[in-house]
Amino acid sequence: MKAVILLSGGLDSATAAAVARSRGLVLYALTFDYNQRHKKELSCAQKVGHSLGVQDHQFVELHLPKLNSALVDTSIPIPKGCSRQIIPETYVPARNVIFLSIAAAHAESIGAIDIFVGVNAIDYSGYPDCRPEFIEAFQTALNVGTKTAIMGKPFVIHTPLIKLTKGEIIKWGISLGIDYSLTWSCYQGGEKACGECDSCLLRQKGFQEAGINDPLEYCHLS
């Protein structure tokens, strides 16, 4: 059976893809270029996809309107440190709505009903489109608005990591053979990970909790 995988090049999406592979599914990966400042993740996605033996890997260039997000607008600085009080400047408006809509269209076109996404609602940045409530609502919308579902084959959006800590995710990924040196988590676009943005700090926290050395090089270590 086929499964569409949202593969960003990050730690979580790589692990979610490995989970899908472990379930015997044939992987059809989608990676999005939405003018993110951390474009290094695109080459990492290619490497991860190759390592997982994806059947088909498509890179989709999105021409979005100007969005108020530090990830796509370089005039907005990437916040340093972790913030759990407000939704951070790195939130990209409706990003997972867009990504999952394209994933569903692709799935419907290739005869797949399984969609895997590496969202997490435990060790995460507080993005509203990573929560279980969003995933459940979006799956419902897909299944009332697509031919495939109406014809009796409802979509399933799989979020195997959504209730795991980052440390648990990393341990699971290691057990599935993931090479995390291929992944990229930093929101900055440098040669080395900054070690100061929320994503870097969450990654470092996860490897520390897992008791495993993080293979990435950092400009700063927490």
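The values are calculated or read from the model by the stated rules, or taken from the named source; none is laboratory data. Being a predicted model, the structure only gives us computed values, none of them experimental. Reconstructed Cβ throughout: ideal geometry from the backbone, glycine too, with neighbour counts over all protein chains shown.
Worth a mention:
- When the stretch 135-144 is limited to residues that are among the hydrophobic types (A, V, I, L, M, F, W, C) and crowded, with 18+ Cβ neighbours inside 10 Å, the one that is nearest to the chain's Cα centre (by Cα) turns out to be Ile135.
- When we screen Ile162, Ile212, Ile169, Ile157 for residues that are under 18 Å from Phe116 (Cα atoms) and assigned to a loop (DSSP other than H, G, I, E, B), the only hit is Ile162.
- Top-ranked residue in the stretch 45-89 [being touching a Leu at 6+ places or on another chain (Cβ under 9 Å) and among the acidic types (Asp, Glu); ranked as farthest from Lys205 (Cα to Cα)]: Asp56
- When Lys205 is tested against the conditions (1) closer than 24 Å to Tyr218 by Cβ; (2) within 14 Å of the chain's Cα centre (by Cα); (3) surrounded by fewer than 20 Cβ atoms within 10 Å (Cβ to Cβ), the lone failure is (2).
- Residue pairs whose Cβ atoms lie under 9 Å apart, separated by 6 or more positions or on different chains, with the first residue in the stretch 95-115 and on the phi > 0 side of the Ramachandran plot and the second part of a helix (DSSP H, G or I) and modelled with pLDDT of 95 or more, are Gly111/Thr148.
- Selection count where residues are surrounded by fewer than 10 Cβ atoms within 10 Å (Cβ to Cβ) and of a type outside the set (Ser, Thr, Tyr), scope the stretch 62-80: 4
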